[in-house]
Each structure stands twice: as C-alpha cells, then as structure tokens.
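Report on one structure; see the data block that follows.
No lab work stands behind these numbers, since they all come straight from the coordinates. The structure presented is a predicted model; accordingly, all values stated were derived computationally and were not measured. Every residue, glycine as well, gets a Cβ built from its backbone with ideal geometry; the counts of neighbours run over all protein chains shown.
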C-alpha cells in the first residue's frame, strides 16, 4: 500500500519538529544543570562566608570580654592608687604618687581606646554576619 504524496513530507516534518523539540529540551536540561551547579557553588561560598564572619564575631566577642576584664582590673587598680595617693599626700609623698597616678591614667586611657577600637571592629563583624545571613536566607 502506497502512502499519499504529502504524507511522507508531513512525516518528515513531524520527525524534524520532534528532533528540534528534543534538542531544545536537552539544551534546557543543560542550562538547568548549569544553573543548579552555580547555585550550589554560590551557596557553598555563602556558607563559608557565614562561618568566617561567625568565627570573626566570636573572636571579637572574646577579645572584647578580655579587654573589659582588663579595663575593670585597671579601674580597680586606679582606685587603689587614688587611695594610696591620698595616704601619701598626708605623708608628703605627693609628687611621686602623682607621677605614678598620671602614668596609670595614661594606661587606662590607652586601654579604653583599645576597647573602643575592638568594639568598633566587633560591630562591623556583626553587621557582616547579618549581611551574610541575609544572603544565605535569600538563596534558600
């Protein structure tokens, strides 16, 4: 049985259209796979950045606590020095104690400056951690 003349042409056209559809599907699948791989790489990067920011935040927090403890010790020491200065004034040793107290006040001021610097870095790390968390959440 012989096919009508236009049917072979229609069959060829259908096969060509099917092949084009299949090619397009393969191309889309490759794009989806590539996009998924890029997403996974971005997610891994974000997780690593989050961990890095968290570690920095924790280290900064620890350093702030250490400096606060050191500052507290120095304040207590300054109070003791003030008491000694008052006692020494009664004994006419004012000059030496004033020098000692001035040096301790300078030490306290330096430590206070260090504490402020660490707190600023701590705040910046905390902001970076918040931004990294927001990025990761937006990717999820």
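Inside region 52-106, can you point out the residues that are part of a loop (DSSP other than H, G, I, E, B) and surrounded by 13 or more Cβ atoms within 10 Å (Cβ to Cβ)?
93
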Output yes when any residue across region 39-49 is within 29 Å of the chain's Cα centre (by Cα), under 30 Å from residue 113 (Cα atoms) and not in a loop (DSSP other than H, G, I, E, B), and no when none is. yes
